[in-house]
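Beneath this line is the structure, given in structure tokens, with notes to follow.
All of the numbers you see were taken from the coordinates with simple rules; none came from a lab. The shown structure was predicted, so the numbers you read here are calculated from the model rather than taken from an experiment. Ideal geometry is used to build each Cβ from the backbone, glycine not excepted, and the neighbour counts take in all protein chains shown.
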Amino acid sequence: MSRFRDRVRDLTATRYCFLPVGHLVSEVNRYLRGWSIYFRYGHPRRSFAEANRHTLSRLVIHLQRRSQRKFRPPGDRSFYSYLYEDLDLTRINGVR
């Protein structure tokens, strides 16, 4: 999990603030899909839940620091619904 956290932290680093959010989310999705396929065997439910929490929090932090003004999701939406529904962030689950 520490390698996973390091990689997601690297993907959402400050040097990628110039990238469009959709492109960044697609890069994170690609990593999440590969990581989840590799670690799917066994009982990965807790690890996948932790990975989802970490990815969501890192992307929220990334969106908040992209500009001098704090990012707010459009309308009365939460960050969770904005990232998972509008930007199609991959949510990995431990169910086979």
Just checking, does the stretch 58-70 include any residue being surrounded by 15 or more Cβ atoms within 10 Å (Cβ to Cβ) and part of a loop (DSSP other than H, G, I, E, B)?
yes
Qualifying positions in the stretch 8-18 - surrounded by fewer than 16 Cβ atoms within 10 Å (Cβ to Cβ), hydrophobic (A, V, I, L, M, F, W, C) and under 18 Å from residue 54 (Cα atoms):
13
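Name the residues in the stretch 19-39 that are surrounded by 12 or more Cβ atoms within 10 Å (Cβ to Cβ) and touching a residue at least 60 places away in the same chain (Cβ under 8 Å), would you? Full working, then the answer.
Keep residues of the stretch 19-39 that are surrounded by 12 or more Cβ atoms within 10 Å (Cβ to Cβ), which gives 19, 21, 24-33, 35-36, 39.
Result: 21, 25, 28, 29, 32.
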Residues within the stretch 8-52 that are part of a helix (DSSP H, G or I) and either more than 12 Å from the chain's Cα centre (by Cα) or within 20 Å of residue 88 (Cβ to Cβ) (or both), tallied
30
